[in-house]
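The values are calculated or read from the model by the stated rules, or taken from the named source; none is laboratory data. Being a predicted model, the structure only gives us computed values, none of them experimental. All Cβ positions, even for glycine, are placed from backbone atoms using ideal geometry, and neighbour counts span all protein chains on display. Accessible surface areas use protein heavy atoms only, side chains included; no ligands, DNA or RNA. Shrake-Rupley method; radii C 1.70, N 1.55, O 1.52, S 1.80 Å.
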Amino acid sequence: MKKFLKSGTMILLLGSLLAGCSSKNELAKNTPLTEKQPPAETTKSSELVVEKGTPEWDLQQITKAVDDNDKALFMSYQNEENVTFFKEQRRWMDEVEFKKRQGYTVSVKLYSFHQENDAIATVRFSVMMSHPKLGSTTNTVAYQMIKSGDRWILNDVPFEKMVSDSGHLTVYYPKGQETAANQTFKDATDIVDFYSKKFNWKPQPISIKIYPTSNEVSATVPWLALGGWNEIGESLKITTALSNTIFRFLAHELTHKMVGEMANDNATIYFQEGFASYLEGTVVRDSSGQVTYEPKLAQEKAAKAMEASNSVKTIAELGTIDYTDPEGSMYRDGFLISNYLIETKGLPTFMKMLGYLSKFDYIDQRSEHKMDTCQIRTLEAIDSTYGPVDKVSAEVQNFYVKGSGQ
Ligand SMILES: [Zn+2]
């Protein structure tokens with residue numbers, strides 16, 4: 001699940017309206033636009049013969065694995081002992097394959113290999129992505145590589161870590177990002193504490209990785225551009241490019257983690273993004289710094305969203321929409337439907353609907369990759385909690401479009 005950064009005007013407009021997504025402008029101001037481009041392609045004739053057993057050979061194998069969708073080869077260059085990173089890299093490769101099926105082109109370039117000693121090195125890992133409708137980006141992250149047998153393999157960003165006394169919360173941060181790490185640690189502790197009490201959530205251990213730029217987060221997923229990320233089985237990731245967005249990003253992504261755990265990861269992306277945008281907009285720090293819940297803020301945002309466009313998609317329509325939707329309907333319309341159900345039927349019933357989904361087994365895939373199955377299961381949860389789905393969709397139209405909600 002993600003926090004979008006996209007060039008579509010609609011999203012930008014929505015971003016500021018729903019305050020759901022961190023608006024591009026906000027981050028762009030602080031993100032160096034001149035990301036150093038990977039070195040240009042070498043021409044065939046001048047191509048160097050790369051010897052097996054050299055770092056160049058290993059970098060070339062990783063590039064080739066991505067081009068050929070060769071998961072086994074790609075995973076053979078990931079550090080298996082770094083368990084969470086290894087899982088994230090497996091999901092990274094699944095995402096590349098999924099994105100190519102959605103019409104993206106995805107390729108990587110590894111360069112600036114710098115050996116620190118016989119066993120440790122760093123490398124720049126650039127991901128070039130392009131989609132006919134959504135644009136293209138080059139996102140780069142600096143990874144550590146370690147020597148394993150006769151080859152150099154990837155071993156995540158060389159993170160420092162901050163662990164809570166209970167060992168339940170760990171924040172991973174690059175050297176020099178101590179201030180952002182402390183803020184992330186404090187905000188995450190307070191939000192998890194608030195969500196646990198309010199929603200009776202007993203969280204699994206929480207691993208949060210922070211990155212100075214959205215560019216770096218995006219390269220590790222991979223995604224065109226995003227500010228935050230969460231999927232069951234992977235670390236929660238945010239950019240800390242702007243300190244005033246850290247709390248909001250965490251409120252959003254921790255909602256995904258909570259819903260994922262409570263629904264055995266069977267909730268659709270429109271309820272995940274809708275409810276995450278809802279809590280991101282209503283869970284704030286009050287004047288004394290305490291975390292609090294302000295439902296009125298959601299009603300204000302809903303009114304603004306309806307000013308921008310007087311329509312709401314039906315639940316059936318939303319079930320067919322994935323993240324290539326240029327309007328980002330899973331955010332806006334997902335938010336409006338979640339807000340309607342919470343405002344008219346109450347938050348406890350909404351959580352009961354999500355809880356109903358825990359009866360289904362867990363599917364070890366990213367949410368977008370199993371969205372059809374999640375839709376079938378979520379329709380059953382809606383029907384069992386609120387009654388016929390079409391009736392609920394009609395009520396939502398009535399509430400927002402025909403203005404019965406005003
Ligand atoms: Zn999200």
Matching residues, region 63-79, being of a type in the set (A, V, I, L, M) and open to solvent by less than 30 Å² (accessible area, probe 1.4 Å): A65, V66, M75
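Return the only residue of S130, S126, S136 being small (G, A, S), open to solvent by 70 Å² or more (accessible area, probe 1.4 Å), farther than 21 Å from S367 by Cβ and under 20 Å from the mean Cα position of the chain (by Cα).
Within the list S130, S126, S136, the selection yields S136.
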Mind listing just one residue for me: the one in region 210-241 that is within 24 Å of M258 (Cβ to Cβ), touching a Leu at 6+ places or on another chain (Cβ under 9 Å) and aliphatic (A, V, I, L, M) and, of those, nearest to the ligand (Cβ to nearest atom)? L226
What single numbered condition from (1) touching a residue at least 24 places away in the same chain (Cβ under 8 Å); (2) under 28 Å from L73 (Cα atoms) fails to hold for A181? (2)
Taking the criterion of being assigned to a helix (DSSP H, G or I), at pLDDT 95 or above, in contact with a helix residue (DSSP H, G or I) (Cβ under 8 Å, 6 or more places away or on another chain) and within 13 Å of N69 (Cα to Cα), would at least one residue in region 100-114 satisfy it? no
For region 155-171, name all the residues that are under 19 Å from V123 (Cα atoms) and either open to solvent by 40 Å² or more (accessible area, probe 1.4 Å) or of a type outside the set (D, E, K, R) (or both). N155, V157, P158, F159, E160
Scan region 282-303 and give yes if some residue there is over 15 Å from the mean Cα position of the chain (by Cα), within 15 Å of the ligand (Cβ to nearest atom) and closer than 28 Å to D361 by Cβ, otherwise no. no
N310 - would you say it is on the phi > 0 side of the Ramachandran plot, away from the ligand (no atom under 16 Å from the Cβ) and open to solvent by 10 Å² or more (accessible area, probe 1.4 Å)? no
Between residues in region 371-394 that are farther than 22 Å from F98 by Cα and residues that are among the hydroxyl-bearing types (S, T, Y) and open to solvent by 50 Å² or more (accessible area, probe 1.4 Å), which pairs lie under 8 Å by C-beta distance while being six or more apart or on different chains? E380/Y356; A381/Y356; S384/Y356; T385/Y356
Considering every residue within region 345-361, establish whether at least one is in contact with a helix residue (DSSP H, G or I) (Cβ under 8 Å, 6 or more places away or on another chain), under 18 Å from N398 (Cβ atoms) and at pLDDT 95 or above. yes
Could you check region 224-264 and list, in sequence order, the residues that are in contact with a Pro (Cβ under 8 Å, 6 or more places away or on another chain), of a type outside the set (S, T, Y) and more than 25 Å from H131 (Cβ to Cβ)? K257, M258, E261
Could you check how many residues of region 172-184 are aromatic (F, W, Y) and open to solvent by 50 Å² or more (accessible area, probe 1.4 Å)? 1
Of the candidates T324, T314, the one satisfying the condition of being over 23 Å from V389 (Cα atoms), among the polar types (S, T, N, Q) and in contact (Cβ under 8 Å) with a residue 60 or more places away in the chain is T324
When you go through (1) in a helix (DSSP H, G or I); (2) basic (K, R); (3) touching a Ser or Thr at 6+ places or on another chain (Cβ under 7 Å) one by one for K186, which number turns out not to apply? (3)
Criterion: touching an Asp or Glu at 6+ places or on another chain (Cβ under 6 Å) and either within 16 Å of the ligand (Cβ to nearest atom) or free of Cβ contacts under 8 Å to residues at least 12 places away in the same chain (or both) - qualifying residue of H252, H256: H252
Identify, from the list D156, D94, the residue that is at positive phi and in contact with a helix residue (DSSP H, G or I) (Cβ under 8 Å, 6 or more places away or on another chain). D156
Give the residues of region 102-123 that are more than 25 Å from the chain's Cα centre (by Cα), open to solvent by 10 Å² or more (accessible area, probe 1.4 Å) and touching a residue at least 40 places away in the same chain (Cβ under 8 Å), sorted by residue number. Y111, F113, Q115
